[in-house]
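Written out below as structure tokens is the structure these notes cover.
The values are calculated or read from the model by the stated rules, or taken from the named source; none is laboratory data. Worth saying up front: this structure is predicted, and the values here are computed from it rather than measured. Note: ideal-geometry Cβ built from the backbone for every residue, glycine included; neighbour counts use all protein chains shown.
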Amino acid sequence: MRAAAGYVAALGSIVVEALDPSRHPTVIDPALSPRGTVHVAAGMAAVQLRVSALS
């Protein structure tokens, strides 16, 4: 968990920025939609809080 939290701290903002649909307006991929960004953020928060994102 510590390693995962470290990766999230180091890479989290980079991943969220890369998935920002406003940076890639021509890409039509559900994972890059605002909803996809919310799921990424929820997963990152779950790792940091050490809880399940599926609850």
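Overview of results
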| item | result |
| --- | --- |
| So residue 43, is it surrounded by 13 or more Cβ atoms within 10 Å (Cβ to Cβ), at pLDDT below 70 and not aromatic (Phe, Trp, Tyr) | no |
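Conditions (1) β-branched (Val, Ile, Thr); (2) over 11 Å from the mean Cα position of the chain (by Cα); (3) at pLDDT below 85; (4) not in a helix (DSSP H, G or I), marked per residue:
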{"position": "4", "(1), (2), (3), (4)": "no, yes, yes, no"}
{"position": "7", "(1), (2), (3), (4)": "no, yes, yes, no"}
{"position": "14", "(1), (2), (3), (4)": "yes, no, yes, no"}
{"position": "28", "(1), (2), (3), (4)": "yes, yes, yes, yes"}
{"position": "31", "(1), (2), (3), (4)": "no, no, yes, no"}
{"position": "35", "(1), (2), (3), (4)": "no, no, yes, no"}
